[in-house]
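Just below is one structure, and these are the notes that go with it.
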Amino acid sequence: MNEQRRQILEMLAEGKITADEAERLITALERSQPEPPPAGATGPKTRPRYLRVLVTWVDDTVGGEPGRINVRVPLQLLRAGVRLATLVPPQALTRANDALSRSGVPIDLTQLKPQDLEELVEHLEEVDIDLDEPSSTVKVFCE
Amino acid sequence: MIPQLVTIRHRRDGRVRRLYIPVVPLLLVLSPLLLPAVAASLITCLFYQVRPVRALYALGRLLWTLPGTRIEYVEGRTALLVSVR
């Protein structure tokens, strides 16, 4: 049993999600994960194609109703987005730098180069964030 | 490939509304607006000192990579799903 399936079942057992939601999540999981290669087969490792952000919580203020945010974004879309960000005119970047400095974030956006952003997205493929709290979970990963 | 279908599903208090937006037919319907849109974009690019070709390429890439995007929000009896295929 893989890690994501186990977590869905755990959330179901803890009552964070309903059986219907668990079934939908598992179906989505199976759809997003290709069949494992047969034993002995040595193929190239498939690169992740999507960035997934999965947040679940139970809001006690509204009678313990569960909530869920499930975002799937193609990594190619992130690459295209950072390319678009490189088109931001220099005067806008200067104003953004000033605003960031005033907020205590001294980042010089004019120093960001397209290749740096590309590299950033490349390394995003290895990101795996898993936060577990009694009433909420947050997972960020690539698949 | 450019997006073919955008699906928006909204559920509130058990009532579900679905909206299917076929992108290509919609673009065809809106094509008469293409010329003024291109002119406005060109003027905007010149005003902000952005190369129009680069901007067009970046926007095209963004559009091309949209399929596969899926955003789902569920809270109690309210749910919203936006899916691009």
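Under the 0.36 nm per residue contour assumption, what length would be gained going from the current alpha-carbon distance of A:Leu29 and A:Val88 to full extension?
Residue separation times 0.36 nm, minus the Cα-Cα distance, leaves 17.5 nm.
Can you give the convex hull volume of the alpha carbon atoms of segment B:5-84 per residue, in Å³?
Numbers: hull volume 9.9 nm³, N = 80.
Value for segment B:5-84: 124 Å³ per residue.
Quick one: compute the contact order of chain B, relative version, from alpha carbon pairs under 8 angstrom and 6+ residues apart, as a percent.
With pairs under 8 Å counted, the relative contact order is 46 percent.
At 0.36 nm per residue, minus the direct Cα-Cα distance, what do B:Val53 and B:Arg77 gain on full extension? Give it in nm, one decimal, please.
4.0 nm
In Å, what Rg and Dmax follow from the Cα atoms of chain A?
Over chain A's Cα set, Rg and Dmax evaluate to 19.7, 57 Å.
Give me B:Ser83, A:Ser101 ranked fewest to most by other Cβ atoms within 10 Å of their Cβ, as a rough exposure proxy.
Lowest to highest Cβ neighbour count: A:Ser101, B:Ser83.
Most mobile of A:Arg47, A:Arg79, A:Arg95 per a Gaussian network model of chain A (Cα springs, under 10 Å)?
Per the Cα network of chain A with a 10 Å cutoff, A:Arg95 tops the list.
Hey, fewest Cβ within 10 Å first, where do A:Lys113, A:Lys139, A:Lys16 land in order? Could you put the intermediate results ahead of the total?
Numbers: A:Lys113 10, A:Lys139 18, A:Lys16 22.
Going from least to most buried by this count: A:Lys113, A:Lys139, A:Lys16.
Report, in whole Å, the centroid distance computed from the Cα atoms of segment A:12-30 and segment A:44-76.
What the calculation gives is 12 Å, centre to centre.
Tell me, A:Ile26, A:Ile107 in order of fewest to most beta-carbon neighbours within 10 Å?
Sorted ascending by nearby Cβ count, the order is A:Ile107, A:Ile26.
Before rounding to the nearest 500, sum -39500 (n - 2.57) across all DSSP H runs of length at least 4 in the protein assembly as shown and divide by the residue total; then give [θ] at 222 nm in deg cm²/dmol.
Helices in the protein assembly as shown give a 222 nm mean residue ellipticity of -13000 deg cm²/dmol.
Which of B:Val82, B:Leu63, B:Val16 sits farthest toward the positive end of the charge dipole of segment B:5-84, with +1 on the Cβ of Lys and Arg and -1 on the Cβ of Asp and Glu?
Among B:Val82, B:Leu63, B:Val16, the one farthest towards the positive end of the dipole of segment B:5-84 is B:Val16.
For chain B, set up a Gaussian network in which alpha carbons nearer than 10 Å are linked by springs, and say which option among B:Pro32, B:Pro22, B:Pro52 fluctuates the most.
Of B:Pro32, B:Pro22, B:Pro52, the most mobile in the Gaussian network model is B:Pro32.
The numbers here are math on the coordinates, done by the rules we state, and not lab data. These numbers come from a predicted model, not from an experiment. Note: ideal-geometry Cβ built from the backbone for every residue, glycine included; neighbour counts use all protein chains shown.
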